[in-house]
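Have a look at the structure below, then the notes.
The values are calculated or read from the model by the stated rules, or taken from the named source; none is laboratory data. Treat the numbers as computed from the prediction; the structure is a model and nothing was measured. Heads up, the Cβs are rebuilt from the backbone with ideal geometry, glycines too, and the neighbour counts pull from every protein chain shown.
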């Protein structure tokens, strides 16, 4: 049974890029139908991770509080310049 689904132009472009990348990596062209089936199989086999990613955002107030409770003061004074140097390799 063939069904049509509507997807955004952006998602179609990403899907086409994924198909092209797969072709380059494997040297074999996979039809879009077969690629979609493989994506569904892959997601189904890892559905706990997939569902967890979808259902975990936005964070609940309890989760936010739990994350904030993990913060602690190391009693180290950090200047903006130090952060910029550490992150970007240069100071402001």
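Annotations
- Within the range 17-33, the set of residues being surrounded by 12 or more Cβ atoms within 10 Å (Cβ to Cβ) and either within 22 Å of the chain's Cα centre (by Cα) or in a helix (DSSP H, G or I) (or both) comprises 18, 19, 22, 23, 32.
- Test: residue in the range 48-61 that is at negative phi and modelled with pLDDT of 85 or more: yes
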